[in-house]
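Report on one structure; see the data block that follows.
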Amino acid sequence: MGKLWKELLTKETITRGWHLARTDVKQDFAEDLYSTDVYGLDLARQVQETINRLRTNTYQPRALFRVEVPKGPLAFRPGAVIPIQDRTVLSALVLLMAADIDKKLPESVISWRLKDPIPKKGPIFRESDITELPFLKKWTVREEVDPFEGWYRLWPEFDEKTRRIFQIEGYRFLATSDIAAYFENIQLPILRDHLLKYLPYETELVNLLCFFLESWCDRTGDGRAHHRGIPQGNFVSSFLGNVFLIPLDKAFIDLEKKFDIKYFRYMDDVRIFTKTREDARRCVLLMARTLRSLHLNVQTAKTKIYDEHRGEVSRLLIDDRVDKLSRIIDEIQKTYRGGPVPATTRKAYLKSLSEIAKKESPVGQKILGARSPLEGLSLRAFNRWITAHSLLGSDVYVDRLLKEIAKSADSKLTRKLIATTRRFPRKRIIENDVMKMIKGGQIIFPHQEAECLRALRYLSTLTTDTVDHCWKRVAKKTEDRYLRMEAAYLLSRTDLSNDRINRLIQIFREEPDSYVQAAIAGLLVQRRENNREIVQMLVFHPNEKVRDIGKLFRSVKNEPSFAKETLRHALRPEVPWVLCDNMPFLHLMAASRNEEVRKLLLDAIREPRRRHKIGGIKPILQAIFRRTRESLVGVA
């Protein structure tokens, strides 16, 4: 039995895996609201149960939540969300493997590298009792648990190093290629061999990891699994994807000893610089051979040698707009550290941003005025431009963002829209334009519509038209799973009629998808009469996921300690949008038979019912306040 396997079966390791998994969930391709709350509800018991199942070889991975994630206007990637219980175990596995694996990566690999120094206790962690708390802040997890450097530091480092090689050291040719469907084509037997080579005494650890991955492999029509592919969209897969290409790194380390080349890799983004075209050709051929040995294929159409004698490398790597915007962002962050920017300075920054957006670019489209969907460096400049405006508290970019979403379904754009509505909940143009796009047929990807509805959830007020649209999505069983979930989450912040609640109970009972049922559960608790029966129906449901939601609802409704913590989280004044995600909990507390819970609710919403920044929620808070106060009349 390996040393790391023994360490995996400890409370501390699984708990740290939970903290890292919970933080990683925020980057998922799709939202599974309340899933982390369920696990953290009784963290100590969950951790111990996980350890017991691992120790007795009875742990069974759950099914992935699969979703088609738009990638530009004409393509999508197969995204997946790993259930939080499984992600906790996988995160713990990666945390244990990281130190040994990192030693195998050459300096030319920039992605997913360990911090220096790394948080330590035992091999890689620092001693800290705070990790026993169920819900740590993102900053605490980053400093105390996460051993990896953030992408926001490593990607700029990769970009800077490769540009410096080109600009200063005289390498005038750049060879690049693209791996076809990289994550979908990672061969699990080869990955297993890599891991066992790097961790020869940790067979149990490697076998457990591969057991998870093999259970998630797509199957053919006749039920065969070919043990190929890992789920995209999480840090565990990013780490494994980094490991899988180590043979490519070693091949180019050997080639660098024979020829004057420079090799760099960030995940599957490879840049190889040479001084002659012949050397560049050698690099392309070596890359193709090595990748084929890993059962991967390069996309021939994207395999290119860029020649700076024709200005091709400059156009690929350098956009002065990106550089200027990055400098502005760095200045704002370092000088004001999240605080307000003086009016005069802010005005000057906004003027600079306007000039950059209108500027013609020799390497791509203008930020303002582009007719086709932005791509490459122009899209990167656009994202930086939005970031700069956000730091200044400016909503000038919103109209341009909506126009770009109408042309491109790229999921990064809808994520920007979600951040925008959280920051500017009173921006009415967003709801108007989004609903026009949906009804006008410009949004054809279900995932894009779902994420747009997610963004609308945080607006101050919502029109009847939007609410009715979401109702139709929830009620129609043939609609996409994630779209129905997001429509239900939006409805949970509205006030439903008794007729609709009764109809939802019927929809819930007939619904075969547990994820959709869990989303609808947040609507059913608005029922005032016999609310207890609703919670019991959830608690005793045959599906584990729905049962867990029921147990969470029961605890928040009946236990003052959980109610108090939930109210503290949902009503934080610095992040008013959080209440839009947590309205079902207030309905539960209002129907509680526990007087202490109702008193906690009454005190917590006394002021928000008048002054909350999400205006459309205030009438609902007022109604809950009135009912709760009336229920406490005469109570000592």
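Can you classify segment 223-348 as rounded, prolate or oblate using the Cα gyration tensor, where a ≥ b ≥ c are the square roots of its eigenvalues, rounded means a/c under 1.5, and otherwise it's prolate if a/b beats b/c and oblate if not? Oblate. For segment 572-585, the Karplus equation 6.51 cos²θ - 1.76 cosθ + 1.60, evaluated at θ = phi - 60°, returns couplings of 5, x, 6, 9, x, 5, 4, 4, 4, 8, 10, 4, x, 5 Hz by residue, with Gly and Pro reported as x.
Quickly rank 168-176, 417-425, 379-387 as a protection proxy: mean count of other C-beta atoms within 10 Å, highest first. Display every interim value, and only then the final one.
Working: 168-176: 17.8, 417-425: 19.6, 379-387: 22.9.
In decreasing order of mean packing, 168-176, 417-425, 379-387 become 379-387, 417-425, 168-176.
Checking every one of the trypsin sites (Lys or Arg not before Pro) in segment 456-541 against DSSP loop status and a limit of 13 other Cβ atoms within 10 Å picks out Lys476, Lys477, Arg528. Per-peptide packing, taken as the mean over residues of other Cβ atoms within 10 Å, places 437-444, 221-228 in the sequence 437-444, 221-228 from highest down. In straight-distance terms, cross-link reach from Lys358 covers every one of the lysines whose alpha-carbon lies under 16 Å from its own, apart from those fewer than eight places away in the same chain; here that gives Lys324, Lys366, Lys403. Students often get this wrong, so try it: which of (1) -0.36, -1.04; (2) -0.46, -1.11; (3) -0.47, -1.00 is log10 I(q)/I(0) by the Debye sum over Cα atoms at q = 0.06, 0.10 Å⁻¹ as calculated from the structure shown? Label (1) holds the value from this structure.
Per residue, how many Å² of accessible area does segment 2-95 show with a 1.4 Å probe? Don't jump to the answer; show the numbers that get you there.
Details: 3530 Å² over 94 residues.
Here the residues of segment 2-95 average 38 Å² of exposed surface.
Subtracting the Cα-Cα distance from 0.36 nm times the residue separation, let me have the gained length for Asp399 to Arg572 in nm, one decimal. Walk me through the intermediate numbers first.
Values: separation 173, 0.36 × 173 = 62.28 nm, distance 2.90 nm.
The Asp399-Arg572 span can extend by a further 59.4 nm.
Think of the chain as a dipole: +1 on every Lys or Arg Cβ, -1 on every Asp or Glu Cβ, centred on the Cα centre; then among Ile620, Trp5, Gly72, Ile620 lies furthest on the positive end.
Scalar couplings 3J(HN,Hα) for segment 297-307, obtained by applying the Karplus form with A = 6.51, B = -1.76, C = 1.60 to θ = phi - 60°, are 10, 8, 7, 4, 5, 9, 8, 9, 10, 8, 10 Hz; x denotes Gly and Pro. Accessible area per residue for segment 289-380, computed on protein heavy atoms with a 1.4 Å probe, is 62 Å².
Restricting the GluC sites (Glu not before Pro) of segment 517-588 to loop positions (DSSP other than H, G, I, E, B) with no more than 10 neighbouring Cβ atoms within 10 Å leaves Glu529, Glu574. Here the Karplus curve 6.51 cos²θ - 1.76 cosθ + 1.60, taken at θ = phi - 60°, turns the phi angles of segment 489-497 into couplings of 4, 5, 4, 5, 9, 9, 9, 8, 6 Hz, with x standing for Gly and Pro. Here segment 154-206 and segment 235-278 have alpha carbon centers that stand 6 Å from each other.
Placing +1 on the Cβ of every Lys and Arg and -1 on the Cβ of every Asp and Glu, with no other charges, gives the chain a dipole of roughly 1480 debye about its Cα centre.
Relative to 2.2 N^0.38 Å, what does the C-alpha radius of gyration of segment 162-266 come to as a ratio? Two decimals please. Write down the numbers at each step before the final one.
Details: Rg = 17.4 Å, N = 105, 2.2 N^0.38 = 12.9 Å.
Working it through for segment 162-266, the quotient is 1.35.
Here is the list for segment 473-550: chymotrypsin sites (Phe, Trp or Tyr not before Pro) lying in DSSP coil, each with at most 16 other C-beta atoms within 10 angstrom of its C-beta, are Phe540. Residues in segment 135-237 average 47 Å² of solvent-accessible surface per residue, probe 1.4 Å, ligands and nucleic acids excluded.
Computed in the context of the full set of protein chains, the accessible area of the chain at 1.4 Å probe radius has 50% of its extent on carbon or sulfur. Distance between the C-alpha centers of segment 502-538 and segment 303-336? Whole Å please. Each part's Cα centre sits 52 Å from the other's.
Shown is the FRET efficiency for Thr463 and Phe76, computed with R0 = 35 Å from the Cβ-Cβ distance and rounded to the nearest 0.05: 0.75.
Considering only Cα-Cα distances, which of the following residue pairs are longer than 20 Å: Lys26/Lys439; Lys71/Lys416; Lys26/Lys551?
Values: Lys26/Lys439 29 Å; Lys71/Lys416 15 Å; Lys26/Lys551 23 Å.
Long pairs (Cα-Cα over 20 Å): Lys26/Lys439; Lys26/Lys551.
Roughly how many whole Å is it from the C-alpha centroid of segment 581-636 to that of segment 432-499? A separation of 26 Å, based on Cα centres.
The values are calculated or read from the model by the stated rules, or taken from the named source; none is laboratory data. Nothing here was measured: the structure is a model prediction, and the numbers come from that model. Cβ coordinates were reconstructed from backbone atoms using ideal geometry, including for glycine residues, and neighbour counts include every protein chain displayed. For the accessible areas, the whole protein counts, side chains as well, though only heavy atoms, and no ligand, DNA or RNA atoms are used. Shrake-Rupley method; radii C 1.70, N 1.55, O 1.52, S 1.80 Å.
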